[in-house]
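Take a look at the structure below.
The values are calculated or read from the model by the stated rules, or taken from the named source; none is laboratory data. These numbers come from a predicted model, not from an experiment. Cβ: placed from backbone, ideal geometry, glycine included. Neighbour counts: every protein chain shown. Remember, those area values only see protein heavy atoms, side chains included, never the ligands or the DNA or RNA. Shrake-Rupley method; radii C 1.70, N 1.55, O 1.52, S 1.80 Å.
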Amino acid sequence: MRLFMIAVVLATALSAARAAQAEEKSIATETNSPPPLSAEAQAMASELEQTLSPGSEARAMYDDIRQGSRLDHRDGWFRLAVSQTRYGWEYMAREYDRQTDDAVSREEFTGSETDFSRLDRNSDGRITAVDFDWSESATNRTPGMLLFLQADRDGNGKVTQAEFVTLFGALDSGSRGFLALDDLRHRFDPAGETPPSARRDAPSVDTLVKALATQEIGSLEPGPMLEEPAPDFTLPTANDGKTIRLSAEIGPKPVVLIFGNFTCGPFRSQAGNIEKLYQRYRDRVTFLMVYVREAHPADGWWMESNERVGIDLPQPKSDAERLAVARTCQAHLELDLPLLVDTVDDRVGTQYSGMPNRLYLVDQQGRVAFKSGRGPFGFKPRQLEQALVLLLADRQRGK
């Protein structure tokens with residue numbers, strides 16, 4: 001079994017790029033001039049040029065789209081909308097590093113063994129600046145991530161034992177009962193991969209301009225900043241029709257806000273992490289997921305990876321349609337945390353810059369203690385968890 005796991009990791013490191021590229025697109029241009037747009041997209045572009053403030057996150061995104069830049073974590077608003085936290089390494093060292101040796105030992109940390117292990121990301125028995133380095137994109141195709149994406153056959157963010165067995169069967173094409181390294185190298189030759197720009201779902205600049213104007217690829221607003229009051233809102237729940245007001249939840253416990261939608265592949269891939277986070281802290285923290293505008297509807301920036309797992313739906317046009325999709329999402333991803341549904345005018349999603357996905361931690365005074373970078377590249381539940389552990393430790397210490 002151990003040899004199998006090693007072989008699969010090597011194989012999927014070469015083979016699963018297609019599934020992981022759902023949000024990372026290359027926009028190829030032959031000249032420096034902006035690509036031509038359709039009449040509809042040109043009208044949207046003209047309005048964006050008039051309304052987006054120079055230097056703003058949204059203007060940076062628009063400018064890079066029009067220039068044909070590669071939209072990865074270094075481009076557009078992603079280079080500006082980075083995570084903000086009260087609880088970075090500087091805080092950790094100031095509060096806990098009594099020996100001033102640039103490390104926090106288990107003896108120095110006042111929280112539980114479990115909480116210490118969640119802070120110690122590399123499991124070396126001490127917490128250092130390395131554990132707080134979140135510069136890597138959330139969609140970076142590491143061997144572990146590629147293995148996960150290849151195994152997660154139904155795209156629900158959770159890999160079962162049965163899915164692992166299915167993966168082995170798919171890789172063992174000769175039915176020999178084992179996988180050889182050369183077999184995997186031959187099968188997953190990276191030279192045979194389709195370049196992103198040649199894929200069926202590679203977006204045109206026209207598509208991206210429309211997606212920006214309709215906020216499918218992200219809110220045009222930056223959202224509340226660190227230490228600012230979290231904007232209040234009232235939204236209905238997906239299941240029982242009741243409403244929840246954020247301000248009524250603030251005080252007794254910290255509040256985690258999770259923004260996401262069904263057609264965003266990177267969000268779905270994090271569903272297992274979100275569910276485990278909820279299960280781990282639900283007794284100490286209030287969790288609220290807010291369902292927002294679809295990132296990749298069939299009538300917008302369509303994604304082949306969605307089609308492969310049977311997700312092919314248009315952008316909801318009414319509150320009722322969005323509610324129905326939210327319920328489908330919750331059932332497919334098997335999420336137990338409370339699910340609120342934003343109105344079809346995207347009031348809350350815009351206010352929090354929650355599209356396509358984002359994370360917030362709100363303290364007991366109603367202020368933002370952590371704000372993730374924009375999704376998909378900045379959507380990192382484990383990073384939020386670090387801030388959450390330290391906020392809870394503050395509370396335990398009476399701070």
Quiz prompt | Relative contact order (%) - the chain, alpha-carbon pairs under 8 angstrom, separation at least six | solution = 23
Self-check item: Alpha-carbon centroid distance for the pair segment 220-269 / segment 303-361, whole angstrom
Solution: 12
Quiz item: In square angstrom, what is the accessible area per residue of segment 273-340 with a 1.4 angstrom probe?
Solution: 42
Quiz prompt | Cα-derived Rg to Rh of segment 204-282, Kirkwood definition | solution = 1.01
Quiz item: Along segment 134-144, what does the Karplus equation 6.51 cos²θ - 1.76 cosθ + 1.60 (θ = phi - 60°) give for ³J(HN,Hα), rounded to whole Hz, x for Gly and Pro?
Solution: 10, 6, 6, 5, 5, 9, 4, 7, 6, x, x
Practice problem: Taking each pair of different alpha-carbon atoms in segment 124-175 once, compute 1/r for the pair, average those values, and report the inverse of that mean as the Kirkwood hydrodynamic radius in Å to one decimal. | Solution: 13.5
Practice problem: Whenever you get a sec, compute what percent of the accessible area on the chain sits on carbon and sulfur atoms (1.4 Å probe). | Solution: 50
Quiz item: Gaussian network model of the chain, Cα springs within a sub-10 Å range: biggest mean-square fluctuation belongs to which of 343, 328, 100?
Solution: 100
Self-check item: Computed over segment 114-176: relative contact order in percent, which uses C-alpha pairs under 8 Å that are six or more apart
Solution: 15
Quiz item: To the nearest 20 debye, what charge dipole does the chain have about its Cα centre, counting +1 at the Cβ of each Lys and Arg and -1 at the Cβ of each Asp and Glu?
Solution: 620
Practice problem: Using just the alpha carbons, could you tell me how many Å³ per residue the convex hull of segment 261-307 encloses? | Solution: 62
Quiz item: Rounded, prolate or oblate: which one fits segment 275-399, using the alpha carbon gyration tensor with axes a ≥ b ≥ c (rounded when a/c is under 1.5, else prolate when a/b beats b/c, else oblate)?
Solution: prolate
Quiz item: Roughly what % antiparallel, to the nearest 5, for the DSSP beta bridges in segment 259-399?
Solution: 45
Quiz item: Within the set 253/380; 158/210; 253/276; 276/371; 242/371; 210/242, which residue pairs have Cα atoms separated by over 29 Å?
Solution: 158/210; 210/242
Quiz item: GNM, the chain, Cα, under 10 Å: largest mean-square fluctuation among 40, 163, 385?
Solution: 40
Self-check item: Overall form of segment 339-384 per C-alpha gyration tensor (a/c, 1.5; a/b vs b/c)
Solution: oblate
Quiz item: Residues of segment 79-181: accessible area per residue at 1.4 Å, in Å²?
Solution: 54
Quiz item: At a Förster distance of 51 Å, what's the computed FRET efficiency of residue 283 paired with residue 50, Cβ-Cβ distance as r, to 0.05?
Solution: 0.55
Self-check item: Amide H contacts of residue 367 (H built 1.01 Å from N, under 5 Å, at least 5 apart or other chain)
Solution: 230
Quiz item: When all protein chains stay in place, what accessible area (Å², nearest 10, 1.4 Å probe) is found for residue 38?
Solution: 40
Practice problem: Considering only 352, 91, 360, give the residue with the highest GNM mean-square fluctuation for the chain, with springs between Cα atoms whenever their separation is below 10 Å. | Solution: 91
Quiz item: What shape does segment 54-181 have by the C-alpha gyration tensor, where a ≥ b ≥ c are the square roots of the eigenvalues, rounded means a/c under 1.5, and otherwise prolate means a/b greater than b/c and oblate the rest?
Solution: oblate
